[in-house]
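Presented below is the structure to which this report refers.
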Amino acid sequence: MSEHGGNTEAKTQIVSFHIPRVLLHALDRLVEAGVFNNRSEAIRFALYRLLMDHNAASGELRRHMVAALR
C-alpha cells in the first residue's frame with residue numbers, strides 16, 4: 001500500500017498513452033525525489049486528483065443551479 005495511491009495492484013489495468021517529454025521528465029523527477037514510488041503511482045494520484053476536483057466542481061455547479069431554480 002502506498003502513501004498516495006492505496007492498494008491498487010490487484011485491480012489495475014494497463015493503459016498506454018502519449019505524453020510530452022517535458023511532462024515525463026518532470027514526472028521522473030518526482031519519482032527520483034521519492035515523492036512517488038514509480039511513474040504509475042504518480043499518474044494514478046494525478047488522475048485521482050483530477051477526478052476529485054472535477055466531481056467537486058460539478059457538485060458545486062449543481063448546487064448553485066438548484067439554488068437558482070428555487
| Which residue pairs have Cβ atoms under 9 Å apart, sit 6 or more places apart or on different chains, and have a first residue in region 48-61 that is at negative phi and a second that is in a helix (DSSP H, G or I)? | none
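Condition first: of a type in the set (Val, Ile, Thr) and at pLDDT below 90. Now tell me which residues in region 20-70 satisfy that. Spell out how you get there, then give the answer.
In the first step, residues of region 20-70 are kept if they are of a type in the set (Val, Ile, Thr); the result is 22, 31, 35, 43, 66.
Selection gives VAL66 alone.
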| said: Just checking, does region 6-17 include any residue being modelled with pLDDT under 90 and in contact with a strand residue (DSSP E or B) (Cβ under 9 Å, 6 or more places away or on another chain)? | reply: yes
| query | What are the residues in region 22-63 that are exposed (fewer than 11 other Cβ atoms within 10 Å of the Cβ) and not in a helix (DSSP H, G or I), if any? | reply | ALA33, GLY34
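The values are calculated or read from the model by the stated rules, or taken from the named source; none is laboratory data. In this text, all values refer to a predicted model and were calculated from it rather than measured experimentally. In this analysis, Cβ positions are derived from the backbone assuming ideal geometry, glycine residues included, and neighbour counts consider all displayed protein chains.
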